[in-house]
There are 2 protein chains.
Amino acid sequence: MSNIREVARLAEVSVATVSRALQQPELVSVKTRNKVLAAVKQAGYQPNLLAVKFRSGKSHNLVVLVPTVANVFFARVISGMQEAAQQRRYSLLLGNTMADDNAEIAYARLVQTSQADGLIQLRAFDPFATLDMTTERLPMVNACEVLDKAPCPVVTLDNRAAAMAMTEHLLSLGHRNIAMIKGPARSPLTRDRVAGYRDALDAAGVAFDETLLCPGNFTLQSGHQATAQLLQRKQRPTAIFCENDEMAIGALQCLKQHGLKVPEDISVAGFDDISFAAFSDPPLTTIAQPAEEFGRTAVNLLIDVLEQKLTLLPKVILPFELVLRGSTGPVKMSEPATDTPAVHLT
Amino acid sequence: MSNIREVARLAEVSVATVSRALQQPELVSVKTRNKVLAAVKQAGYQPNLLAVKFRSGKSHNLVVLVPTVANVFFARVISGMQEAAQQRRYSLLLGNTMADDNAEIAYARLVQTSQADGLIQLRAFDPFATLDMTTERLPMVNACEVLDKAPCPVVTLDNRAAAMAMTEHLLSLGHRNIAMIKGPARSPLTRDRVAGYRDALDAAGVAFDETLLCPGNFTLQSGHQATAQLLQRKQRPTAIFCENDEMAIGALQCLKQHGLKVPEDISVAGFDDISFAAFSDPPLTTIAQPAEEFGRTAVNLLIDVLEQKLTLLPKVILPFELVLRGSTGPVKMSEPATDTPAVHLT
DNA sequence: TTGTACGCGTTATCAT
DNA sequence: ATGATAACGCGTACAA
């Protein structure tokens with residue numbers, strides 16, 4: 001690979017002039033500039049950006065920590081990140097961490113060792129916590145699933161309000177026996193959505209029944225499994241609210257296998273509005289999240305932090321939308337009858 | 001950030017000794033080594049890998065060009081890449097290119113400018129072609145959709161054989177009127193799958209009807225659209241073979257909306273075996289591809305090229321598997337009747 | 001075993 | 001407007 005010295009030699013100028021001709025052309029006479037450009041062409045010169053980065057101390061790389069790229073929602077978020085990063089001339093280093101703390105810490109080292117300038121975390125975990133960072137401003141943004149006291153800018157969605165909106169929708173259809181398939185127990189995201197669910201129940205004067213909460217892990221399979229468990233209850237729920245669309249689609253299949261019709265026999269709701277949600281049978285009622293916007297915003301916030309364009313630690317809350325499709329409907333008329341099962345007390 | 005000089009000062013040794021103590025500890029006396037390690041700790045020293053990379057001329061980054069990360073199949077491939085890259089201590093730079101040649105060329109510049117050591121391309125396009133690269137061995141691997149005369153190692157699947165296998169399956173069920181929803185026209189992948197489809201037809205002595213080939217673009221929507229078109233034909237196909245699962249799931253919905261039952265009225269087959277394929281209604285018959293293995297193999301091949309462990313240009317062909325689920329079934333008995341429509345020749 | 005000194009490719013500072 | 005040179009942080013050849 002030819003270097004700036006070779007170009008200088010060909011153009012019969014100094015390396016400084018070559019650098020200037022390329023970086024601040026206005027400082028160089030037209031004549032010299034053309035000579036330089038010709039030499040650049042002749043030498044097939046490409047500035048070694050590794051050297052530029054080394055000298056400037058900025059890698060112009062951003063690490064993205066994503067629990068699983070194979071998750072459709074995250075894939076959309078990454079799409080948005082990619083778009084924003086490209087516009088601002090940064091590159092994205094992908095870290096597929098399988099939600100493993102140690103893997104995430106390892107990726108955070110990329111920042112510590114100057115291979116990346118900052119990091120975007122999509123999970124509620126601070127990989128820098130153990131890694132004594134000297135910088136005052138943590139070069140990090142937390143998106144989607146957000147730390148409770150995040151030491152960095154945050155971009156999120158009012159998960160509590162969204163879950164409340166969905167639950168209110170189900171309540172308005174007459175459902176009183178609403179199950180919820182949750183995400184991992186410790187996740188703040190799960191906690192907030194459960195809280196919103198309770199909010200709606202409380203507001204409607206419906207008793208909260210903890211046994212209607214079923215754990216899941218955001219996969220199709222877990223939605224199927226959790227639903228199977230719910231169907232073993234003596235009293236079947238009339239609606240299932242899943243914390244993401246994958247689990248809802250898993251639920252739909254399980255219900256079908258048990259001969260239940262959606263929404264006639266039971267309603268199902270999801271969360272995220274992934275592309276498959278509109279193509280399930282029936283199409284899924286869900287909460288639409290602006291996934292790409294999450295990504296774009298996170299990247300822009302991070303770059304703002306890095307370029308010191310930010311004074312405070314912003315908390316951006318993106319809007320959600322309740323998307324009504326065919327998977328939710330009025331509760332069955334006959335249902336209230338079974339609501340008080342004929343149990344003989346012994 | 002503290003540097004190697006500060007550590008040297010603290011340990012009261014030279015910078016060379018510090019470097020050695022960390023890189024080749026066996027060359028340094030135990031006593032000195034401990035002194036150095038203590039100083040490292042005290043200074044909170046982290047080697048600046050940007051400097052290391054600059055000096056070595058190797059970025060240890062790999063660019064991945066993916067048409068759309070939002071595609072479930074590609075997301076799985078990337079997962080596999082990530083895994084292999086991590087193991088071999090490389091990082092992945094993600095390039096979401098929307099199948100735009102110029103965007104891909106821009107990403108290839110990352111290699112030209114030493115920001116990345118090599119590139120993995122998932123599409124049949126050589127971004128280096130216009131970018132006179134001086135290196136003899138192109139630092140590139142082509143995976144999934146492969147260039148016809150790829151100037152680099154290749155990892156692919158026998159798409160022709162796979163499409164033939166699926167078509168044979170449909171033929172064996174009695175289907176003679178099999179439509180195909182294709183990918184983009186120019187793609188070699190599409191071409192190979194169509195060829196396999198024809199192979200099977202020819203072998204069975206079934207006439208090939210070009211009008212049964214319908215263009216799509218691998219999205220759910222395009223599968224839906226293409227199916228709607230197919231249903232307008234005077235003579236409805238008895239089976240639809242889609243070139244990926246998303247389009248097949250789109251097809252399923254369209255058929256349902258037209259009141260057709262799958263597989264009783266019409267069979268549907270996909271390609272890829274994404275997770276959603278097992279959860280559609282009915283579950284999708286499809287060709288399973290080892291997506292993660294694609295990613296792992298591509299990364300390992302590329303690193304082998306970079307580290308000159310490769311003499312030839314290997315062509316790795318991964319296995320596929322015909323996965324039979326509920327979306328394909330025997331052709332309707334009544335169908336052959338309409339097979340010879342009562343057309344009056346004028 | 002350890003230290004000195006150079007070089008990687010670029011940009012910035014200071015002269016001219 | 002242009003040139004000479006130092007500096008970035010590190011690894012290593014060579015010298016001691």
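The numbers here are math on the coordinates, done by the rules we state, and not lab data. It should be emphasised that the depicted structure is a prediction, and the values quoted were computed from it without experimental measurement. Positions of Cβ are backbone-derived with ideal geometry, glycine not excepted, and every protein chain shown enters the neighbour counts.
Quick look at the numbers
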{"quantity": "Partner lysines for A:Lys234 [C-alpha distance under 21 Å; skip if fewer than 8 residues away on the same chain]", "calculated": "A:Lys182, A:Lys256, A:Lys261, A:Lys332"}
{"quantity": "Electrostatic dipole magnitude of the range A:4-47 [Cβ: Lys, Arg +1; Asp, Glu -1; Cα centre; debye, to 20]", "calculated": "60 debye"}
{"quantity": "Overall dimensions of the protein assembly as shown as given by Cα atoms, namely Rg and Dmax in Å", "calculated": "29.1, 104"}
{"quantity": "The range A:180-187 - phi-based ³J(HN,Hα) in whole Hz, Karplus 6.51/-1.76/1.60, Gly and Pro as x", "calculated": "9, 9, 8, x, x, 4, 6, 5"}
{"quantity": "Student exercise, the protein assembly as shown dipole from Lys, Arg, Asp, Glu Cβ charges, in Debye to nearest 20", "calculated": "2340 debye"}
{"quantity": "Positive-end extreme of charge dipole, the range B:201-346 - chosen from B:Leu322, B:Gly259, B:Ala239 (charges on Cβ)", "calculated": "B:Gly259"}
{"quantity": "Per DSSP, loop trypsin sites (Lys or Arg not before Pro) in the range A:43-123 with at most 12 further Cβ within 10 Å", "calculated": "A:Arg89"}
{"quantity": "Shielding by other protein chains, B:67-73, mean Cβ within 10 Å", "calculated": "5"}
{"quantity": "Proximal lysines to A:Lys41, defined as alpha-carbon separation beneath 16 angstrom and excluding residues fewer than eight positions away on the same chain", "calculated": "A:Lys31"}
{"quantity": "Where chymotrypsin sites (Phe, Trp or Tyr not before Pro) fall in DSSP loop in the range B:118-226, at most 15 other Cβ within 10 Å", "calculated": "B:Phe208"}
{"quantity": "Under Karplus coefficients 6.51, -1.76 and 1.60, residue-wise ³J(HN,Hα) of the range B:300-312 in Hz, glycine/proline x", "calculated": "5, 4, 4, 5, 4, 4, 4, 8, 6, 8, 10, 9, 8"}
{"quantity": "Derived scalar couplings ³J(HN,Hα) [the range A:118-129; Karplus, 6.51 cos²θ - 1.76 cosθ + 1.60; whole Hz; x for Gly, Pro]", "calculated": "x, 9, 10, 10, 9, 10, 7, 7, 9, x, 8, 3"}
{"quantity": "Magnitude of the charge dipole, the range A:194-346, Cβ model with Lys/Arg +1 and Asp/Glu -1, debye to 20", "calculated": "360 debye"}
{"quantity": "FRET efficiency, 1/(1 + (r/R0)^6) with R0 35 Å, evaluated for B:Ala228 and A:Ala228 via beta carbons", "calculated": "0.50"}
{"quantity": "Long-range amide H partners of A:Ser2 with built H, under 5 Å", "calculated": "A:Gln46"}
{"quantity": "Of B:Val331, B:Pro188, B:Pro67, farthest towards positive along the dipole that unit charges on Lys, Arg, Asp, Glu beta carbons give chain B", "calculated": "B:Pro67"}
{"quantity": "Förster radius 41 Å - calculated FRET efficiency between B:Ala103 and B:Gln257, Cβ distance, rounded to 0.05", "calculated": "0.70"}
{"quantity": "Sequence-distant residues sharing a close amide H with B:Ile317 (under 5 Å, placed H)", "calculated": "B:Thr156"}
{"quantity": "Inter-chain Cβ neighbour average for residues A:102-110, partner chain, 10 Å", "calculated": "1"}
{"quantity": "Among A:26-33, A:39-46, the order from most to least packed when residues are scored by Cβ within 10 Å on average", "calculated": "A:39-46, A:26-33"}
{"quantity": "The range B:47-91 residues near the modelled A:Met1 label - backbone nitrogen below 18 Å, point 7 Å along Cα→Cβ", "calculated": "B:49-64, B:90-91"}
{"quantity": "Distant-in-sequence amide H partners of B:Met180 (H built 1.01 Å from N, under 5 Å)", "calculated": "B:Leu213, B:Cys214, B:Phe241"}
{"quantity": "Tensor-based shape of chain B (alpha-carbon gyration tensor, a/c under 1.5 rounded, otherwise prolate or oblate)", "calculated": "prolate"}
{"quantity": "Expected 222 nm ellipticity per residue - DSSP helices of 4 or more, -39500 (n - 2.57), all of the protein assembly as shown, to 500", "calculated": "-13000 deg cm²/dmol"}
{"quantity": "Cβ neighbours within 10 Å from other chains - mean over A:242-254", "calculated": "2"}
{"quantity": "Where labels lie 7 Å past Cα in the beta-carbon direction, separation of A:Ser56 and B:Glu136 in nm", "calculated": "3.5 nm"}
{"quantity": "Modelled FRET efficiency - R0 56 Å, A:Glu264 with B:Asp148, Cβ distances, 0.05 increments", "calculated": "0.60"}
